[in-house]
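A short write-up of the structure that comes next.
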Amino acid sequence: MQRVDITYDELHEEFDDMKHQLPLYSILYTNDPRRGETFSIEAAREGIGDRNIIEEKDTEETEIQSPLGPMYLIYRPKGKTGRKSEIIANWVSDANMNAETSKNAESHPILGRYHGFSATGITVAEFGKIVESLHPIRDEAATTQTSTLKIHPKVFSMIDCWVSDSESPVVTEINLDAVEKNGNEFNQDRVSQDGEWMRCPLPDTNGFMRYRVLEAKGDRYKVEYQENGGGTLTTSSIIEFEIENREIRREGKPAMIRVLRVSSYAHK
């Protein structure tokens, strides 16, 4: 990666939240500077115009398939093979843009972006291979793992100290097999999905305990845990942990249990 530029789109008072600027970006990757091999990505929100509609005598056009749908290219010099001095793709919309405009074609996108791809010094085949490899940072595997983490929020309350105390984490390893079996203390019937949060009420109060997954990779997780005792104060912490199996002795006999082991803690 050679360069990243972040800019902000002009806000329109009649359409946008004037308190929050909407970011745009461009990224430039370079392989061998001596050979002029580059690949760049640009993002735009609206009012963008075409990138590559002008054809000249030494240019040629084609269309390739990409994760974002069909992509129209113009490149120079002509010819299906060989390195190109310039390859330019027209704007393509991402999933957020498609979702927002499908609801209202006249709407002004918030999350959605158009993306433009360009390259120099590489072949059209190499360009297509790079485009095919692109994917969101939060990939589908991470999303799937996030949705399958089912732990009683009280587990994370055991890691946090009381509001009146100061030292956390208190508990750094918890037997998840015991949590699942001890239904009186960890009543799963009171746990519910609330958007991206797993939530349960605090007994005898109007408060709650809840957590959401920020990152997931294999058996490693990062969650944000929040607790409210029924008043105006909501505490928040970031907890990273691993879920693993380990052997203990129970009643004098070896037993394998599944544990949550804290690796990082930060008060938010």
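The values are calculated or read from the model by the stated rules, or taken from the named source; none is laboratory data. Treat the numbers as computed from the prediction; the structure is a model and nothing was measured. Cβ: placed from backbone, ideal geometry, glycine included. Neighbour counts: every protein chain shown. In case anyone asks, the SASA skips ligands and DNA or RNA and just uses the protein heavy atoms, side chains included. Shrake-Rupley method; radii C 1.70, N 1.55, O 1.52, S 1.80 Å.
Here are a few things to note about the model shown:
- Cα point-scatterer Debye curve for the range 51-97, base-10 log of I(q)/I(0) at q = 0.16, 0.25, 0.29 Å⁻¹: -0.46, -0.92, -1.10
- Contact order relative to length of the chain, as percent, for alpha carbon pairs under 8 angstrom and 6 or more apart: 11
- Straightening the chain between residue 76 and residue 98 buys 4.9 nm, computed as 0.36 nm per residue apart minus the Cα-Cα spacing.
- Student exercise, the range 58-119 dipole from Lys, Arg, Asp, Glu Cβ charges, in Debye to nearest 20: 240
- Only one residue of 192, 161, 174 has its Cα farthest out toward the positive end of the dipole of the range 120-268, where Lys and Arg carry +1 and Asp and Glu -1 on Cβ, and that residue is 174.
- Pairs of C-alpha atoms in the range 128-268 farther apart than 21 Å represent 49 percent of all such pairs.
- The orientation-averaged projected area of the convex hull spanned by the Cα atoms of the chain comes to 21.9 nm².
- If you wrap the Cα atoms of the range 148-209 in a convex hull and average its projected area over all directions, you get 5.2 nm².
- Label-to-label distance, residue 1 versus residue 197, with points set 7 angstrom from Cα along the beta-carbon direction: 3.2 nm.
- Between 74, 248, 174, the residue with the greatest mean-square fluctuation in the GNM of the chain (Cα pairs under 10 Å linked by springs) is 248.
- Among 240, 167, 42, the residue with the largest mean-square fluctuation in a Gaussian network model of the chain, with springs joining Cα atoms closer than 10 Å, is 167.
- Dipole magnitude of the chain, debye to nearest 20 (Cβ charges: Lys/Arg +1, Asp/Glu -1, about Cα centre): 1000
- Cβ-derived FRET efficiency at R0 25 Å, residue 256 paired with residue 165, nearest 0.05: 0.15
- For the set 260, 214, the ranking by accessible area, highest first and with no ligand, DNA or RNA atoms included, is 214, 260 under a 1.4 Å probe.
- Segment residue 149..residue 263, full-extension length gain: 39.3 nm, with 0.36 nm per residue of separation and the alpha-carbon distance subtracted.
- Kirkwood Rh in Å, taken over all unlike Cα pairs in the range 188-234: 11.6
- Max mean-square fluctuation residue, GNM over the chain, Cα-Cα springs under 10 Å, options 57, 154, 217: 57
- For the chain, calculated [θ]222 nm from helices alone, where every DSSP H run of n ≥ 4 adds -39500 (n - 2.57): -4000 deg cm²/dmol
- Rounded FRET efficiency, nearest 0.05, which uses the C-beta distance separating residue 129 from residue 177 and R0 of 45 Å: 0.45
- When every Cα-Cα distance of the range 218-268 is counted in 5 angstrom steps from zero, the calculated P(r) takes the values 5, 17, 17, 15, 13, 12, 10, 7, 3, 1 percent.
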